[in-house]
Amino acid sequence: MVTDHVEDSQPQQPQQPLQPLPLPVPGALVIQPLFPVALAQVQLRPDPLDLAVQLQTLHGLRGAASSNPDPGCAWTGDLNGVWQVHRLAAFAPLIAEVLAHAQNYLQQLGFDHSQVALHIQRCWPVLSEPGQVVGRHHHPNAHLSAVYYLSGDGSGSCGCLRFWPQRQVNELVPGMAVGHGGPLNPTRWSQPWVDVAPRAGLLVLFPSCLDHAVLPNEADDELRASISLDLVLTSTADVPLPPEYLAPHPVHWQQA
């Protein structure tokens, strides 16, 4: 069983008007970060027996396959008919924990839970043997993505999760942040990417539109194992008039 403290939901606070940035006092140049991307991480504490059962289940789902099918590409369940891991009994407690943290994530972003419903669209395993990768991509059919690691020691040796910004506005000259010996050195204002090192029990949440990839598994004898979830936001079923940019709840849909 996955055990971790989940903060109790706080009552929705009245929305405060956005205030202008504070003006600097006379003196040194002040640079302020604007428009951050909300990347969430929480370290869960999986029960070793549950973890063993989950890994055994994933091995069984993969069977004799080892790649996707290029030998350099990790095996991903979504391309092999394994995309509903959330319905398996071995993962039920974990999925409940993931959803609780996803709801907390949405609340911290400012979403009103009484008006928003969260749905699991897909849930699939990713198994990366030594040398294998997952190429750069994003998930255009989802809104919120989650990755939970069943292996990894936090060193990054089995392949980090790499994120890229959608646009490098601070590079000023387009393309400068790529590097290749140009005049712009990586700083906190123009770093070309951010890496997250896998660790067993780590849960990561991020907007699905964010480009990401899995770097090569450089651990000679370690399988990099994770499950990914695509989550979708709609209005709740009882909202009489859904907000303009939020899809109505599926109970109101009609197949053509």
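Measuring with a 1.4 Å probe in the full set of protein chains, what accessible area per residue, in whole Å², belongs to the range 109-169?
44 Å²
Taking every pair of alpha-carbon atoms in the range 120-176, what share in percent sits in each 10 Å bin, from 0 to the bin with the longest distance?
15, 41, 31, 14, 0
Could you tell me the center-to-center distance, by alpha carbons, between the range 107-148 and the range 193-256 in angstrom?
Cα centroid to Cα centroid, the span is 1 Å.
In what sequence, largest accessible area first, do ASP230, ASP153, ASP220 appear using a 1.4 Å probe?
On the way: ASP230 10, ASP153 100, ASP220 140 Å².
Correct descending sequence by accessible area is ASP220, ASP153, ASP230.
Computed over the Cα atoms of the range 178-218, what is the convex hull's projected area averaged over all directions, in nm²?
For the range 178-218, averaging the hull's shadow over all directions gives 4.7 nm².
Springs between alpha-carbon pairs under 10 angstrom, Gaussian network model over the chain: which of GLN115, GLN16, GLN41 fluctuates most?
Top of the fluctuation ranking is GLN16.
How high is the relative contact order of the range 73-211? Use alpha-carbon pairs under 8 Å, at least six apart in sequence, and give a whole percent.
This gives 31 percent for the range 73-211.
Evaluate E = 1/(1 + (r/R0)^6) for ASP50 and HIS252, where r is the Cβ-Cβ distance and R0 equals 35 Å; express this FRET efficiency to the nearest 0.05.
0.40
From the list (i) 65, 57, 42; (ii) 88, 37, 34; (iii) 47, 41, 32, can you say which value of Cα extents along the principal axes in Å was derived from the structure given?
Read-out taken from this structure: (i).
Taking every pair of alpha-carbon atoms in the range 146-202, what share in percent sits in each 10 Å bin, from 0 to the bin with the longest distance?
With 10 Å bins starting at 0, P(r) equals 23, 37, 25, 15, 0.
Probe of 1.4 angstrom, ligands and nucleic acids ignored: what's the accessible area per residue over the range 203-244, in square angstrom?
I get 39 Å² per residue for the range 203-244.
Express the carbon and sulfur contribution to the solvent-accessible surface of the range 116-256 as a percent, rounded to the nearest whole number, probe 1.4 angstrom.
It is 55 percent, rounded to a whole number.
The values are calculated or read from the model by the stated rules, or taken from the named source; none is laboratory data. Please read these numbers as outputs of a predicted model, since none were measured by experiment. FYI the Cβ positions are ideal-geometry reconstructions off the backbone, even for glycines, and counts take in every protein chain you see. With ligands, DNA and RNA removed, areas are computed over all heavy atoms of the protein, side chains included. Shrake-Rupley method; radii C 1.70, N 1.55, O 1.52, S 1.80 Å.
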